[in-house]
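Asker: Provided herewith is a single structure, encoded as structure tokens, for subsequent inquiry.
The values are calculated or read from the model by the stated rules, or taken from the named source; none is laboratory data. Since the model is a prediction, treat every value here as computed from it, not as a measurement. Here the Cβ positions follow ideal geometry from the backbone for every residue, glycine too, while neighbour counts run over all protein chains shown. For accessibility, only protein heavy atoms count, side chains too; no ligands or nucleic acids. Shrake-Rupley method; radii C 1.70, N 1.55, O 1.52, S 1.80 Å.
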Amino acid sequence: MDWIIGAVGACLVAGAAYAKRSLSASGAIAAVIMGTIYYGAGDLFWFGLLLLFFITSSVLSKVKQAEKRQAEQMYEKSGRRDAVQVLANGGIGMVLCLANYIWPSPLWFGAFVGVMATVTADTWATEWGSLSKSPPRSIVTWKPLPAGTSGGVSLRGSTAAVVGAGMIGTAALVLLLWTKSGPDWPWWAWIPAGALGGTVGAFVDSYLGATVQVMYRCQVCGKSVESRTHCGQATVRYRGWPFMNNDAVNLLSSIAGGGLALAIMVLAGRWFG
């Protein structure tokens with residue numbers, strides 16, 4: 001029955017997102033599969049955090065879209081999320097959910113909260129940071145950068161990252177108390193685990209974006225972009241590892257955030273449990 005409930009719920013959410021143009025056809029299919037697994041192999045805790053990330057991120061992406069268009073022109077992908085983007089943001093969480101289904105362990109819970117906090121913090125930082133009136137600065141050199149440049153951070157975006165990560169930590173606590181599931185770790189530790197894990201994960205994302213993420217130069221307008229084409233022409237790679245695109249950066253930063261959140265929960269359980 002849980003698998004059926006998960007499938008129905010995922011279809012409703014993905015269908016609405018597709019209608020609102022938040023997901024492409026491939027993205028909607030991936031979301032249905034992912035949502036079904038999150039609820040079928042997990043429960044409301046797993047599905048709820050995924051849903052919270054997806055809904056808030058989709059809503060924020062629609063805020064002041066006209067003002068974000070210039071920054072979005074530099075991204076590898078923008079607008080409707082495809083299957084690769086859906087998996088890059090929720091794939092690790094799905095693996096953790098399945099792992100807990102097959103080999104139940106409190107460790108999966110701690111890592112999952114950090115992963116979801118990271119993708120939420122990163123998305124919130126991108127959506128709100130792109131509306132900043134002052135230009136972002138490189139997380140490495142602290143020099144001003146054009147809006148939308150990988151590796152750029154701003155006060156507005158950083159604040160959004162902290163708030164988004166903290167929201168996931170708080171929601172994790174509420175859902176665990178509601179479902180009465182999960183590990184017997186100190187209840188209060190879920191909030192700092194989510195807030196710190198997600199925030200650090202988001203900054204790892206920015207650091208990787210400024211150092212090893214592949215970037216291209218538009219041969220028409222001269223802008224630094226993430227995509228292989230710009231202004232209708234092929235772009236030229238000028239830095240970064242060829243395989244390290246934005247989706248790969250998201251995966252690595254999620255692992256970092258998940259690892260930190262797990263460490264916080266394990267230490268809290270050892271010291272205060």
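Asker: Pull out all pairs, ordered by first then second residue, where Cβ-Cβ is under 7 Å, the residues are six or more apart or on different chains, the first lies in the range 251-262 and is within 13 Å of Thr120 (Cα to Cα), and the second is open to solvent by 40 Å² or more (accessible area, probe 1.4 Å) and modelled with pLDDT of 95 or more.
Answerer: Within 7 Å, the pairs are Ser253/Val204; Gly257/Val200.
Asker: Moving on to the next point. Can you pull out the residues in the range 143-182 that are in a helix (DSSP H, G or I) and either over 17 Å from Trp46 (Cβ atoms) or charged (D, E, K, R) (or both)?
Answerer: Once the filter is applied, which keeps residues that are in a helix (DSSP H, G or I) and either over 17 Å from Trp46 (Cβ atoms) or charged (D, E, K, R) (or both), the range 143-182 yields Leu155, Arg156, Gly157, Ser158, Thr159, Ala160, Ala161, Val162, Val163, Gly164, Ala165, Gly166.
Asker: Under 7 Å by Cβ, and 6 or more places apart or on different chains, what pairs join a residue from the range 129-140 that is closer than 11 Å to Gly157 by Cα and open to solvent by less than 30 Å² (accessible area, probe 1.4 Å) with one that is modelled with pLDDT of 90 or more and among the hydrophobic types (A, V, I, L, M, F, W, C)?
Answerer: Within 7 Å, the pairs are Gly129/Ala160; Pro136/Val153.
Asker: Out of everything in the range 221-250 that is assigned to a loop (DSSP other than H, G, I, E, B) and buried (at least 16 other Cβ atoms within 10 Å of the Cβ), what residue ends up being nearest to the chain's Cα centre (by Cα)?
Answerer: Asn245
Asker: Now a separate question. Return the total of residues in the range 100-128 being small (Gly, Ala, Ser) and either open to solvent by 30 Å² or more (accessible area, probe 1.4 Å) or assigned to a loop (DSSP other than H, G, I, E, B) (or both).
Answerer: Residues meeting the conditions: 1.
Asker: Another question, then. How many residues are at positive phi and surrounded by 21 or more Cβ atoms within 10 Å (Cβ to Cβ) when one looks only at the range 144-182?
Answerer: Residues that pass the stated criteria total 3.
Asker: Being open to solvent by 20 Å² or more (accessible area, probe 1.4 Å) and assigned to a helix (DSSP H, G or I) is the filter here; which residues of the range 183-192 pass it?
Answerer: Selection gives Trp187, Trp188, Ile191, Pro192.
Asker: Name the helices (runs of 4 or more DSSP H) wholly within the range 1-85 that hold at least 1 residues that are at pLDDT 85 or above and polar (S, T, N, Q)?
Answerer: 25-40, 44-62
Asker: Here is a further query. Just a yes or no: is a residue in the range 97-107 under 20 Å from Gly169 (Cβ atoms) and hydrophobic (A, V, I, L, M, F, W, C)?
Answerer: Yes - at least one qualifying residue is present in the range 97-107.
Asker: So, one more: Looking at the range 193-207 only, could you name the residues that are closer than 15 Å to Ala161 by Cβ, open to solvent by less than 40 Å² (accessible area, probe 1.4 Å) and not charged (D, E, K, R)?
Answerer: Passing the criteria: Gly194, Ala195, Gly197, Gly198, Thr199, Gly201, Ala202, Ser206.
Asker: Of everything in the range 18-52 that's touching a Cys at 6+ places or on another chain (Cβ under 8 Å) and touching a residue at least 60 places away in the same chain (Cβ under 8 Å), which residue is nearest to Ala172 (Cα to Cα)?
Answerer: Per the stated criteria, the residue is Trp46.
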